[in-house]
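Here is the structure we will look at, set down as C-alpha cells.
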Amino acid sequence: MNIQRLLAMAYKETLQVWRDPRSLAVALLMPLMQMGLLGYGVSLDIKHVPLCVYDQENSQASRSVVDAFTASSWFTISRTIGSEAGIRSAMNHGECAAAIVIPVDFSRTLAATGSAPVQAIFDATDVNTTNIAMGYVQGVVAQINATTDARWDASHGVQPSLVGQVDLEPSVWFNETLESRNFIIPGVVAVILALVGAQLTSLTISREWERGTMEQLISTPVTPLEVMFGKLIPYFAIGLLDAAFCLAVAAFWFRVPFRGSIGILFVTTALFDLVVLGIGYLISVRIRNQLGASQVALLLTMLPTTLLSGYTFPIDQMPAPIRALTLIVYSRYYVTILRAIFLKGSGLADLWTPVLGLVAYAAIIIWLAARAFRKHL
Amino acid sequence: MSPDNPAVLAEGLTKRFSGFTAVDHLDLRIEKGEVVGFIGPNGAGKSTTIRMLCGLLRPSEGRASVAGFDVGRQPEAVREHIGYMSQKFSLYGDLTVRENLRFFGGIYRVPHGDFNERMRFAISMAGLEGREDALVRTLAGGWKQRLALGCAILHRPPILFLDEPTSGVEPEARRLFWDLIHELAAGGVAILVSTHYMEEAEYCNRIALIDGGRLVAMGTPSELRQRSLGGDLFEVDCVPLGAALKALGSAQGVIEAAIFGDKLHVVLGQGGLSADELPRFLADRDIRVGSVRPATPSLEDVFVRLVSTTRETRAAS
C-alpha cells in the first residue's frame with residue numbers, strides 16, 4: 001500500500017462527502033434527529049398515568065390513600081369524582097386511564113380487621129399500559145400497607161417481630177431509577193452508528209460506477225486496498241465523531257450514568273465503526289447503483305440492529321432459534337458492551353466475549369471487503 | 001520499455017462476451033511517437049480493444065503487450081505506463097480543476113518536487129488559467145476534455161489510449177485537442193485514439209480500420225486510399241456525362257467510373273488507359289473534355305469501400 005495514493009484517495013473522498021448534501025445530511029443531521037427521536041420518543045416507562053379518584057368516605061384514612069397515589073410520580077390525579085357513572089364518563093372522554101374507588105366504610109373496616117379493600121378500575125383498551133399501570137397500583141398499595149400495618153400493630157400493642165417476618169425489599173441494581181431510557185439510550189448509539197456508517201459507505205463505490213468515474217480510476221495503478229482504506233478513512237472519522245456526539249448527548253443531556261472507561265468505549269466503538277463501514281463498502285462493491293445499495297444497507301443494518309441486537313427486545317426472552325440468530329448480529333456485541341460500560345462500569349475482564357465477537361467480525365468483514373473489489377469492468 | 005520494443009503489440013487479440021465476439025483476432029503494432037487512429041462503426045470493437053490494452057478487460061484469447069508488459073498477466077505494470085481517457089467523461093464533476101489534478105497526481109505518485117510544475121502545465125495546456133477553482137462540472141465540453149487529457153498525462157506516460165476523446169466537442173475545440181495530441185507524439189508518446197469523425201482520421205500517422213471486431217486495413221491515409229481504389233482517382237470535367245460514362249465503362253485500364261456531381265470520377269489502374277491519354281480517348285468519341293485532374297477520395301469513401309469489400313469477401317468465404 002502506497003501512502004501517497006492512499007492519501008489522495010482519502011482527500012478526494014472527503015471533498016466529495018463535503019460537497020454532497022445528501023451524505024452531509026446523513027452524517028450530521030441523522031445522529032441529531034435519531035438521538036432526539038429515540039431518546040425522547042422511545043420509552044418503555046409510563047409516567048403520570050391519569051387517575052380518577054372516587055373517595056366515598058373522605059376520611060383521614062382514605063385521604064392518606066389518595067395522597068400516596070398523588071405522591072408517586074407514576075400517577076397524576078386528573079379528577080376527583082362523585083359517582084360511579086362519573087368514572088365511566090371520565091374514561092370515555094379519555095380523562096383517565098385508571099380509577100380508584102375508596103368505599104364509604106373504608107376506615108371502619110380497616111380499624112376493625114386491619115385490612116380494607118380499595119377498588120381499582122382500568123381502561124384496558126391499551127393492554128400494555130394497563131398491565132404496567134396495574135403493577136404501579138400494586139406498588140403504591142404495597143407502600144400503603146407497609147405503613148398502615150406498622151401503625152395497626154403499634155395501636156394494637158403488638159411488638160413487631162423480627163423472626164418470621166418476610167420483608168420484601170426490591171433492590172434494583174445498575175439502573176437504580178428503573179428508567180428504561182438508561183437501558184435504551186446506549187443502544188441508540190449503536191443504531192445511529194450502524195445507520196450512518198453503512199449508509200455513507202454504501203454509496204462510495206456505486207457512486208463511481210454510476211457517474212462513470214470508476215473506469216478512469218481502475219485504469220490507474222491504484223490498488224484495491226488503497227481504494228478501500230482511502231475511501232474508508234473519512235467515513236471512519238465521521239463515524240467516530242458521530243459516536244462521540246451521541247455518547248456525549250447520552251451522558252450529559254439524557255444523564256445516563258457513565259461508569260466505565262472511556263478507553264474501552266473508544267476502542268470498541270472504533271471496532272464497531274469498522275464493522276459497519278466494511279458492510280456498507282461490501283454492499284457498495286456488489287451493487288452498482290446508489291439507490292439499491294443504500295436500501296440494502298438499510299436492510300442489513302437498521303433491521304438487525306433495532307430488532308435483534310437486544311437494544312429494545314431482550315435477547316434472553318427470544319425463542320431459541322432467534323436467539324441463535326442474534327449471534328451473527330454484530331450490533332448485539334456492541335449493545336452489550338455499551339450497556340455494560342455505561343451502567344455497570346465493566347472492564348475488559350468482564351467484556352472479553354463481546355469484544356472478541358466484535359474483533360472477529362471486524363476482521364472477517366474487512367477481509368471480505370478487501371477481496372471484493374476487483375479492478376475489472 | 002526497451003528502445004526497440006513497440007509501444008503496443010497485439011497478436012490475435014480476442015474478446016468474447018456471452019454470445020458474441022466483440023474483438024476477433026486483432027493484430028496491432030504501434031511505435032513510439034506514432035499517432036494511430038482507430039476507426040470503425042459503432043460496435044466495431046474499438047472500446048473493447050482499448051479496454052483490453054489498458055488491462056480493464058481480460059482478453060479471451062491472444063495476447064497483447066503494452067510498454068513491454070503483458071496486459072493479461074501484468075495489468076498493474078501496464079497501468080503505470082499508460083494514460084487513458086474513457087469514452088464517457090470521467091473526471092470528478094464535484095471537484096475543482098485543481099482538486100482533480102491533485103487527486104490524479106497523487107494516484108499517479110507524481111513526485112512532490114514536480115507537482116506544481118506539472119499541474120501548471122496541465123492547466124495551461126487545457127487553457128484553464130484563472131479557472132483553477134471552478135467545479136469541473138461547470139466547464140464546457142472542450143475544456144473538460146483537455147483537462148481529462150491533462151490528468152491522464154500527469155505522470156508522463158509513454159503510451160496514451162484515448163477513446164473517442166473529442167466526441168460531443170465543438171469543432172474548434174477538437175482542432176485544439178489534436179494539436180495537443182501531436183505535441184505529445186512529437187515528444188515520443190505513442191497514441192492510440194479512436195474517433196468517429198472522419199476528418200480526424202487525416203490527422204493520424206496511421207489508421208487502423210476495424211469492423212465487426214476484425215482489423216480491415218491498417219496503413220497511412222494515402223496507403224489506404226490507394227488500396228481501397230486499386231488505382232488513382234481522377235476528376236474529369238466533360239460533356240455529355242452519360243456518353244463518357246458509357247465509353248469509359250468498357251475501356252481497358254479503367255477500374256471504375258462514376259458520376260460525381262456534374263463531373264466524372266474515374267479510377268485508373270496499371271497497364272491500360274493513362275491519365276494523359278484520357279482527353280484523346282474521349283475526344284475520339286465526340287465528347288468535349290474541359291479538364292482532367294487528380295483527385296483525393298474522402299477517407300469516408302475509402303472506409304466505406306474497404307469495409308464493404310471486406311464484408312463481401314467474408315460473406316463469400
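Just so you know, all these numbers are worked out from the coordinates, no wet-lab data involved. What you are looking at is a predicted structure, and each value in this text was computed from that prediction instead of being measured. In this analysis, Cβ positions are derived from the backbone assuming ideal geometry, glycine residues included, and neighbour counts consider all displayed protein chains.
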Ranked by Cβ crowding within 10 angstrom, fewest neighbours first, how are B:HIS182, B:HIS81 ordered? B:HIS182, B:HIS81
At most 14 other Cβ within 10 Å, DSSP loop - trypsin sites (Lys or Arg not before Pro), the stretch A:259-322: A:ARG259
To make sure I understand, if each residue's beta carbon is the centre and we count other beta carbons within 10 Å, what order do A:HIS93, B:HIS25 fall in, fewest to most? A:HIS93, B:HIS25
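Which whole number gives the average, over all residues in B:204-212, of C-beta atoms from other chains lying within 10 Å of the residue C-beta? Kindly include the intermediate steps, with their values, before the conclusion.
Values: counts 0, 0, 0, 0, 0, 0, 0, 0, 0.
Shielding by partners across B:204-212 averages 0.
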Could you give me the ³J(HN,Hα) list for the stretch A:282-299, computed from phi with Karplus coefficients 6.51, -1.76, 1.60 and θ = phi - 60°, whole Hz, x at Gly and Pro? 4, 4, 5, 5, 6, 10, 8, 10, 5, 4, x, 4, 6, 6, 5, 4, 4, 5
When the distances between all Cα atoms of the protein assembly as shown are binned every 10 Å from zero, what whole-number percent does each bin get? 3, 11, 15, 14, 12, 11, 8, 7, 6, 5, 3, 2, 1, 1, 0, 0
Please compute the modelled spin-label separation between A:ILE364 and B:ARG73, points set 7 Å along Cα→Cβ, answer in nm with one decimal. 3.8
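Would chain A count as rounded, prolate or oblate if I go by the C-alpha gyration tensor, calling it rounded below 1.5 in a/c and otherwise prolate when a/b exceeds b/c, oblate otherwise?
prolate
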Please tell me the relative contact order of chain A in percent, rounded to the nearest whole number, where contacts are Cα pairs under 8 Å and at least six residues apart. 20
Partnerless cysteines, meaning none of the other Cys C-beta atoms lie under 4.7 Å away, in chain A: A:CYS246
On a C-alpha basis, how far is the centre of the stretch A:265-343 from the centre of the stretch B:253-303 in Å? Whole number, if you could? 81
From the square roots a ≥ b ≥ c of the eigenvalues of the alpha-carbon gyration tensor of the stretch B:78-188, which class results: rounded (a/c under 1.5), prolate (a/b over b/c), or oblate? rounded
Packing-based exposure ordering (other Cβ within 10 Å, fewest first) of B:PHE260, A:PHE373, B:PHE161: B:PHE260, A:PHE373, B:PHE161
What distance in nm lies between label points placed 7 Å from Cα along the C-beta direction at A:MET1 and A:ALA71? 6.3
Rounded, prolate or oblate (a/c below 1.5 giving rounded, otherwise prolate when a/b exceeds b/c) for the stretch A:221-338 by Cα gyration tensor: oblate
Measuring from centroid to centroid over Cα atoms, what is the spacing of the stretch A:31-89 and the stretch B:72-106 in Å? 68
Note: probe point = Cα of A:ALA349 + 7 Å toward Cβ; backbone nitrogen < 15 Å; residues of the stretch A:257-276 passing the test are A:261
Among the lysines, select those whose C-alpha is under 24 Å from the C-alpha of B:LYS88, and discard any that sit fewer than 8 residues away in the same chain. A:LYS12, A:LYS231, A:LYS375, B:LYS15, B:LYS46, B:LYS144
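How much FRET efficiency would the formula 1/(1 + (r/R0)^6) give for B:ALA186 and B:GLU223, where r is the Cβ-Cβ distance and R0 is 22 Å, rounded to 0.05?
With R0 = 22 Å, the Cβ-Cβ based efficiency is 0.50.
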